[in-house]
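Step one of this worksheet: look at the structure below.
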Amino acid sequence: MRQNNDITIGASAAWPICLGYIPIGLAFGVLARKAGLTPLQIGMMSVFVFAGSSQFIAVSMLADGVSAIAIILTTFMVNLRHLLMSSSLAVFFKGEDRKKLSLFAYGVTDESFAVNLARLRDGEWNLNRSLVVNQMANAAWLASTVIGGFGGQFIPEKAFGIDYALIAMFICLLVFQFRGRRYVITAMIAGILAVIFSLLIPGNSYIILASVIAATIGLIFRKYLT
Amino acid sequence: MKDYLILMAGMGLVTFLPRWFPLFFLSNREIPKLLIEWLDLIPAAILSALLIPALVVGGEPKVMAFKPELLASIPTFLFALKTKSLGGTVVVGMALYWLIGKGHLPFFGL
């Protein structure tokens, strides 16, 4: 019964992620197909890697005939930011079963991180529910990428503003983080730095760089920011 | 297909390890207080670092641009502040973005 309950509650938290993954997953499937991958290969990548932006990059590198080592190294760089996210999540899972944590780690994405973290902070959340959020998101990602691979080009683009689902979700999740002046100021510093760095540095390392610097500034000045 | 499997294994491994390492090793030990305070600020920082460039940076090579994403974000943000509803914000944000794309918001001069 409790198990069932965790599944229902977890699923109800996961739907904005799933909705947001549909247009991106379809687009990925279409692109991957154009790059010469079969729907099976597309599905395999969504299962093995499960990381949207690095999958897009990998597919364009594959199409350009780039070596596997270069693709793997790029994937590592692009997904390194999850190290920070998993560290933040770890604080809430003290003493939890390590097998379950390993399974949970597989599904840590920008989106599941943000949704789970907001709920964990509120209290009434646990590892089982977090796991359900991750797996639901993974299932939606897998399904939409494979469907995109089969015939995504027939689905109208930009229908109902669905391209905006993830941005809107991040806006609200950021608002959830505003629990005091120091969080707002840290977020503002991170946002400004991210814009500057994204213009100066190729790739997406600006995310880690801006977050680390902003959180460090927030920590140093925390006495003045509370 | 064999090459592809090797590529998948490699990509999968380098994606999984950074996700797994802190959860596996940090969750079973005392984390220094300073690190906890730092990690406490990371979500606000990282969400903002993901979001803001998506609103104001576009194109290849990247430049700052006035995007419909930014226009839709202002009322979406206010709605989120007021309601604190994740689902509601997603639906309202999508509707606003859709209307802006269709040019149905002449008020904004689009």
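A compact table of results
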| item | result |
| --- | --- |
| Residue in region A:31-46 that is under 16 Å from the mean Cα position of the chain (by Cα) and within 13 Å of chain B (Cβ to nearest Cβ) present | yes |
| Members of region A:1-58 that are in contact with a Ser or Thr (Cβ under 8 Å, 6 or more places away or on another chain), without any contact (Cβ under 8 Å) to a residue 60 or more places away in the chain and not in a helix (DSSP H, G or I) | A:35, A:49, A:51 |
| Test result for residue B:73, more than 19 Å from residue A:17 (Cα to Cα) and among the polar types (S, T, N, Q) | no |
| Subset of region A:47-59 that is more than 8 Å from chain B (Cβ to nearest Cβ) and over 14 Å from the mean Cα position of the chain (by Cα) - its residue that is modelled with the highest pLDDT | A:47 |
| Region B:1-32, residues that are at the interface with another protein chain (Cβ under 7 Å from one of its Cβ atoms) and not in a helix (DSSP H, G or I) | B:27, B:28, B:31 |
| Every residue from region A:195-220 that is outside any helix (DSSP H, G or I) and either within 8 Å of another protein chain (Cβ to nearest Cβ) or at pLDDT below 90 (or both) | A:202, A:203, A:204, A:205 |
| Residue list for region B:43-62, restricted to those being more than 7 Å from chain A (Cβ to nearest Cβ) and without any contact (Cβ under 8 Å) to a residue 12 or more places away in the chain | B:58, B:59, B:60, B:61 |
| Residues satisfying the stated conditions in region A:102-143, i.e. among the polar types (S, T, N, Q) and farther than 25 Å from residue A:23 by Cβ | A:102, A:126, A:128 |
| Given (1) in contact with a Leu (Cβ under 9 Å, 6 or more places away or on another chain); (2) modelled with pLDDT of 95 or more; (3) facing chain B (nearest Cβ under 8 Å), index of the condition residue A:192 fails | (1) |
| Residue check for residue A:62: more than 7 Å from chain B (Cβ to nearest Cβ), in contact with a Gly (Cβ under 8 Å, 6 or more places away or on another chain) and either free of Cβ contacts under 8 Å to residues at least 40 places away in the same chain or not in a helix (DSSP H, G or I) (or both) | yes |
| Subset of region B:65-91 [surrounded by 14 or more Cβ atoms within 10 Å (Cβ to Cβ) and within 7 Å of chain A (Cβ to nearest Cβ)] | B:69, B:72, B:73, B:76, B:77, B:80, B:86, B:87, B:89, B:90 |
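Residue-wise test of (1) modelled with pLDDT of 95 or more; (2) more than 20 Å from the chain's Cα centre (by Cα); (3) assigned to a helix (DSSP H, G or I).
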| position | (1), (2), (3) |
| --- | --- |
| B:73 | yes, no, yes |
| B:78 | yes, no, yes |
| B:88 | no, no, yes |
| B:110 | no, yes, no |
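Condition check ((1) of a type in the set (S, T, N, Q); (2) modelled with pLDDT of 90 or more) across all residues:
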position: A:8; (1), (2): yes, yes
position: A:11; (1), (2): no, yes
position: A:24; (1), (2): no, no
position: A:62; (1), (2): no, yes
position: A:65; (1), (2): no, no
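The values are calculated or read from the model by the stated rules, or taken from the named source; none is laboratory data. Just so it is clear, the model here is predicted, and its values are computed rather than measured. Note that we place each Cβ from the backbone using ideal geometry, even for glycine, and neighbour counts take in every protein chain shown.
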